[in-house]
Amino acid sequence: MPLMTAPFVYAPPAEPWLAPVHADDDILVLNKPSGLLTVPGKTPDLADCLEARVRARWPGARIVHRLDMDTSGLVVMARHRDACRHLGMQFEKRMTGKRYVARVAGVMAGDAGTVDLPLRCDWPNRPLQMVCHEAGKPSVTEWRVLAREAGATRVLLLPATGRSHQLRVHMLALGHPILGDAFYGERDSAPRLQLHAETLRLRHPEGGAWHSFTAPCPF
């Protein structure tokens, strides 16, 4: 399994500093750029993150879920405790709808399918994850081909579960790692990780009406 060999240098994008998609008294929906942490790391050089940037503008905003640093796309945050509890329950009970777009290495033969492979942390190589039928947690991803390119395939990914690195490991298991993936593929195969959280559907904490948000894929 390929690992990063060059020293990691955190250089989060400054533009856009924030890309709000929706804001009201209860929730915030942001389009996180690739290369920005969702929450701060353990050392001072990893303090810049989506959470810190949002709180500078909307004090008290709370994280509900996360995206990997290299994944771009939609993140919802709560403006207060009750909204955070309401949203958190939706993610816990898998009530939210999430759609990702990815470009993977190779030309996929089928048009659609489902990956049902349990995942757990690869402890000697954390934060990497691995397929483990003995101790892994249930993990399911539906995939559909959107377009085929020369040596690559654009796919729609619909995760039924939300395990760490789930989409990245499941695509690797199919023999088609996501392009630009420094953990599970080849970093130099694309300018950035070709994974984007394009659509997020959830119930609004105030009244419970369904809302759907979209951030167009940037690659």
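Read-outs throughout are calculated quantities, based only on the coordinates presented, and are distinct from any laboratory measurement. Fair warning: this is a prediction, and the values are worked out from it, not measured in the lab. Here the Cβ is made from the backbone with ideal geometry for all residues, glycine too, and neighbour counts use every protein chain on show.
Observations on the model:
- Residues of the range 76-130 that turn out to be among the aliphatic types (A, V, I, L, M) and either within 19 Å of residue 165 (Cα to Cα) or free of Cβ contacts under 8 Å to residues at least 40 places away in the same chain (or both), as a count: 13
- Condition met for residue 54 (crowded, with 18+ Cβ neighbours inside 10 Å and either more than 23 Å from residue 180 (Cβ to Cβ) or of a type outside the set (A, V, I, L, M) (or both)): yes
- Pairing residues of the range 151-171 that are under 20 Å from residue 110 (Cβ atoms) and free of Cβ contacts under 8 Å to residues at least 60 places away in the same chain with residues that are assigned to a loop (DSSP other than H, G, I, E, B) and β-branched (Val, Ile, Thr), at Cβ distances under 6 Å and at least 6 apart in sequence or on separate chains, gives 153/107.
- In the range 180-219, residue farthest from the chain's Cα centre (by Cα) [restricted to those that are part of a strand (DSSP E or B) and closer than 11 Å to residue 71 by Cα]: 198
- Count - residues of the range 153-179 that are within 15 Å of the chain's Cα centre (by Cα), part of a strand (DSSP E or B) and not β-branched (Val, Ile, Thr): 4
- Residue satisfying all of: in the range 190-219; crowded, with 17+ Cβ neighbours inside 10 Å and among the aliphatic types (A, V, I, L, M); farthest from residue 20 (Cα to Cα) among these: 190
- Residues in the range 45-68 that are of a type in the set (Asp, Glu) and not in a helix (DSSP H, G or I): 48, 68.
- Some residue of the range 20-37 being farther than 22 Å from residue 187 by Cβ, touching a helix residue (DSSP H, G or I) at 6+ places or on another chain (Cβ under 7 Å), surrounded by 15 or more Cβ atoms within 10 Å (Cβ to Cβ) and not hydrophobic (A, V, I, L, M, F, W, C): yes
- Among the residues making up the range 153-174, those that are out of contact with any Ser or Thr (no Cβ under 8 Å at 6 or more places or on another chain) and surrounded by fewer than 21 Cβ atoms within 10 Å (Cβ to Cβ) are 154, 156, 162, 164, 173, 174.
- Listed conditions (1) crowded, with 17+ Cβ neighbours inside 10 Å; (2) touching a strand residue (DSSP E or B) at 6+ places or on another chain (Cβ under 7 Å) are all met by residue 181, apart from (2).
- Candidates 40, 20, 59, 13 - the one that is in contact with a Gly (Cβ under 6 Å, 6 or more places away or on another chain), without any contact (Cβ under 8 Å) to a residue 24 or more places away in the chain and either of a type in the set (Gly, Ala, Ser) or over 17 Å from residue 157 (Cβ atoms) (or both): 13
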